[in-house]
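Asker: Quick one: the structure is below, questions incoming.
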Amino acid sequence: MHVPFLSQMIAILSLTCILSQDSVHGDEPNHRLDQLVTQLDHPRFHTRTAVGRELLLLGDQHPRGINPEVLAALRRGRQNQSVEVRVATKRLMDELAFGYREKQLMLLVDKRCPADSILIPSWRRFAKIVGDDVDARHFFAKLLRQHGALMEEYFEGTDAKKKCTIAYLDPWKIPSGNTLDWALLLFLETDHAAGRKLGCNSRLTTALSSSAMGPTADRRHVVLKRLIEHWLGQQLNTAATRDFLLIAMRYDCHAVATELCEKVWADQGASPATQVTALLVANALGAVDIKVRAAERLSDDRTALVWQARGSKPSRIQTQVADVARVILLHHKGVDPRLAGHHVLQADRLLVFRDHSLGFPDQKSREASWQITDEWLQSDVGDDVSFPAALPSVLRPQTE
């Protein structure tokens with residue numbers, strides 16, 4: 001029987017268990033235990049069974065876990081010439097470790113037990129990421145029961161083994177409803193990247209940002225949200241900021257989304273597509289400075305998105321940063337953008353408006369829309385935000 005974290009638990013117990021007074025005074029107790037171990041290949045089945053039960057009972061009788069004397073005797077038995085003794089000692093060590101793990105799991109879900117007294121391997125790393133409250137404790141217990149073997153493989157292995165374990169959890173193949181698999185992947189990715197400047201997992205980024213992939217966005221999964229927030233906080237790839245914004249909004253990581261928007265505003269080299277997404281995210285979150293940010297981009301004619309609209313008359317929709325800026329300002333005026341010529345406008349559950357539906361099939365349509373929009377923005381309809389007397393325009397060069 002394979003028991004998760006066996007060797008880790010044994011190592012921890014070797015360091016933390018207090019030796020009994022008998023072992024301090026002499027080797028007689030060890031000698032007795034060694035005699036019991038050698039009887040594990042006794043010809044009589046009844047004797048072998050009785051010896052196994054006695055070793056388990058002695059091994060379990062210790063205030064801080066597995067009795068270290070019994071553990072040491074079983075380890076010596078692993079080197080015995082008898083195959084029967086080696087197999088039996090391995091089984092007994094597994095059973096003791098399994099029983100110890102079950103006790104630790106009971107402590108884990110007991111909110112009266114201090115979190116730092118729990119000796120389960122990897123718990124402290126997990127708690128550092130998501131906290132040690134009741135939600136985190138129960139979630140980790142489920143995670144350990146479901147994926148104990150994989151977690152052992154990761155935390156006991158070399159760097160190469162760690163990478164193989166993570167690669168085994170392919171984000172493009174994990175079902176959306178399998179919360180524990182997603183949580184394990186995010187936990188291992190976060191732990192592996194801790195303190196290191198590793199490249200972003202592009203497959204994981206794609207899965208989390210796509211509505212057709214990634215874990216189900218369920219408000220009940222608060223621990224999964226914390227894992228995603230922590231993972232987002234580790235990402236250094238500015239080229240993927242747009243995807244990170246979408247991920248943050250999808251999983252209600254609004255504080256992270258706000259921070260990412262601020263980074264976009266401060267980054268002069270942010271791509272047009274990233275600028276557009278940041279505008280929509282800040283607008284959806286009700287950022288206090290969104291109207292200022294939008295007004296600053298009224299003259300940004302860079303193309304952010306190009307989309308092929310289907311229908312009886314297919315058209316190629318091109319979205320500029322300035323198109324989105326005007327839509328947001330209209331939105332804050334309480335004006336439906338469709339009144340200003342955005343006839344292909346579509347709603348979005350997360351971002352209010354779908355980014356690819358805010359453009360135009362040609363420059364003529366854009367000019368007509370901008371003229372209507374600028375009139376709305378300079379009128380006294382809606383809010384009392386003051387705009388420049390002459391709004392900047394990229395449609396015609398300004399003459400002296």
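The values are calculated or read from the model by the stated rules, or taken from the named source; none is laboratory data. If you're wondering where the values come from, they're calculated on a predicted model, not measured in any experiment. Here the Cβ is made from the backbone with ideal geometry for all residues, glycine too, and neighbour counts use every protein chain on show.
Asker: Of all residues in region 346-360, which are part of a loop (DSSP other than H, G, I, E, B) and under 20 Å from Asp300 (Cβ atoms)?
Answerer: Residues satisfying the conditions are Leu351, Arg354, Leu358, Gly359.
Asker: So, one more: For region 363-382, which positions are assigned to a loop (DSSP other than H, G, I, E, B) and either at pLDDT 85 or above or not charged (D, E, K, R) (or both)? Break it down into steps so the answer makes sense when it comes.
Answerer: Step one: of region 363-382, the residues assigned to a loop (DSSP other than H, G, I, E, B) are 379-382.
Within region 363-382, Ser379, Val381, Gly382 meet the criteria.
Asker: Tell me yes or no: at least one residue of region 90-109 is modelled with pLDDT of 80 or more, crowded, with 17+ Cβ neighbours inside 10 Å and farther than 22 Å from Glu153 by Cβ.
Answerer: yes
Per-residue answers, yes or no, for (1) among the polar types (S, T, N, Q); (2) modelled with pLDDT of 70 or more; (3) part of a loop (DSSP other than H, G, I, E, B); (4) more than 16 Å from Val87 (Cα to Cα):
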| position | (1), (2), (3), (4) |
| --- | --- |
| Val3 | no, no, yes, no |
| Ala11 | no, no, no, yes |
| Ser14 | yes, no, no, yes |
| Gln35 | yes, yes, no, yes |
| Leu40 | no, yes, no, no |
| Val51 | no, yes, no, no |
| Gly59 | no, yes, no, yes |
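Asker: Follow-up question, since we're still on this one. Is it fair to say Pro68 is exposed (fewer than 15 other Cβ atoms within 10 Å of the Cβ) and farther than 30 Å from Leu227 by Cα?
Answerer: No: the conditions fail for Pro68.
Asker: Could you please find all residues in region 231-275 being without any contact (Cβ under 8 Å) to a residue 40 or more places away in the chain, assigned to a loop (DSSP other than H, G, I, E, B) and within 20 Å of Leu188 (Cβ to Cβ)?
Answerer: Gln235, Leu236, Asn237, Cys253
Listed here are the residues, each with its yes/no results for (1) buried (at least 17 other Cβ atoms within 10 Å of the Cβ); (2) out of contact with any Asp or Glu (no Cβ under 6 Å at 6 or more places or on another chain); (3) at pLDDT 90 or above.
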{"site": "Lys162", "(1), (2), (3)": "yes, yes, no"}
{"site": "Tyr168", "(1), (2), (3)": "no, yes, no"}
{"site": "Phe187", "(1), (2), (3)": "yes, yes, yes"}
{"site": "Asp191", "(1), (2), (3)": "yes, yes, no"}
{"site": "Arg226", "(1), (2), (3)": "yes, yes, yes"}
{"site": "His230", "(1), (2), (3)": "yes, yes, yes"}
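Asker: So which of Lys128, Lys161, Lys173 is free of Cβ contacts under 8 Å to residues at least 12 places away in the same chain, outside any helix (DSSP H, G or I) and among the basic types (Lys, Arg)?
Answerer: Lys173
Asker: Which count do you get for residues in region 316-345 that are assigned to a strand (DSSP E or B) and out of contact with any helix residue (DSSP H, G or I) (no Cβ under 8 Å at 6 or more places or on another chain)?
Answerer: 2
Asker: Also: Taking region 80-94 as the search range and keeping residues that are within 39 Å of the chain's Cα centre (by Cα) and of a type in the set (A, V, I, L, M, F, W, C), which one is nearest to Asp41 (Cα to Cα)?
Answerer: Of the residues in region 80-94, the ones within 39 Å of the chain's Cα centre (by Cα) are 90-94.
Next cut, of a type in the set (A, V, I, L, M, F, W, C) only: 92-93.
Working: Leu92: 13, Met93: 16 Å.
Per the criteria, the residue is Leu92.
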